[in-house]
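Chemist: Take this structure first; my questions come after.
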Amino acid sequence: MNRNDDLPSLIVEKEAIFITTTQQSLVALAQHGDEQAFYQLIEQEQHKLYRMAYVYVQNENDAVEVFQQTIIRAFEGLAQLKEPHYFTTWLTRIMINCCKTYIAKKKKVQLVEPQTLEDLKSTSPTYIEEELDLWQALCQLEEKYKTVLLLRFYQDYSVKDIAAILQCPEGTVKTHIRRGLQALRQQLKGAYLDEWVQSVERSH
């Protein structure tokens, strides 16, 4: 991957995910060789990063490996990040690219039960079966649709945030979300899928 791909584009700068002043200070310290500051930044993001990797590769050991690759790449490329307040956008983009690269090399995806992806409010057999069906259908989508749906509905990013991470217009993100959901509806019972979507939308 070209390291320039990790850097925020001028097109989406106004839509990037901003970090706190304290985090910006840590980024600045890390860029000057302070390893402790870097690991403090990663500690704050590690749960979200690992969960993202797990959703993509669907295997605990693989997720750990991708997470480690992301940390290494971020550490090596941190000096190239010109604007500290884009750190989260930049780091998430690196994670997605590492996941895609890893999957392409591995070419083997092992399905994981949805309970390991998030805390479920219900553990009834019917609910678990529906979640598993949803996950299976999601894994079969085209990469561009799967990516936006994972970011939107499993990571709770807004359309604006997703556009910043993927460096594309918000309209493109909305189109991919809509088409991805249409593809899922062709495979699933629409009622359950709509409940899933509405539950996420209500949380924002």
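Chemist: Mind scanning K105/K160; K48/K106; K106/K174; K48/K144 and naming the pairs with a C-alpha gap bigger than 28 Å? Provide the component values of the computation, followed by the final result.
Modeler: On the way: K105/K160 30 Å; K48/K106 23 Å; K106/K174 30 Å; K48/K144 20 Å.
Over 28 Å Cα-Cα: K105/K160; K106/K174.
Chemist: Considering all alpha-carbon pairs of the stretch 32-73, what whole percent are spaced by more than 15 angstrom?
Modeler: On the way: 351 of 861 pairs.
In whole percent, the long-distance tail amounts to 41.
Chemist: Still on this structure, please answer the following. Nearest 0.05, what FRET efficiency do Q187 and D156 give at R0 = 25 Å with Cβ-Cβ as r? List each step's numbers first, then the result.
Modeler: Working: r = 23 Å, r/R0 = 0.93.
It comes out at approximately 0.60.
Chemist: Calculate the spin-label point distance for T172 paired with E43, positioning each point 7 Å from the Cα along the beta-carbon direction, and give it in nanometres.
Modeler: Spacing of the two 7 Å Cα→Cβ label points: 3.7 nm.
Chemist: If Lys and Arg each add +1 and Asp and Glu each add -1, what is the summed charge of the other residues whose beta carbon sits under 9 Å from the beta carbon of Y54? Show your work: numbers first, answer last.
Modeler: Values: positive: R51; negative: E60, D62.
Net of charged neighbours comes to -1.
Values in this text are rule-based calculations from the coordinates and carry no lab data. All of these numbers come straight from a predicted model, not from anything done at the bench. Note: ideal-geometry Cβ built from the backbone for every residue, glycine included; neighbour counts use all protein chains shown.
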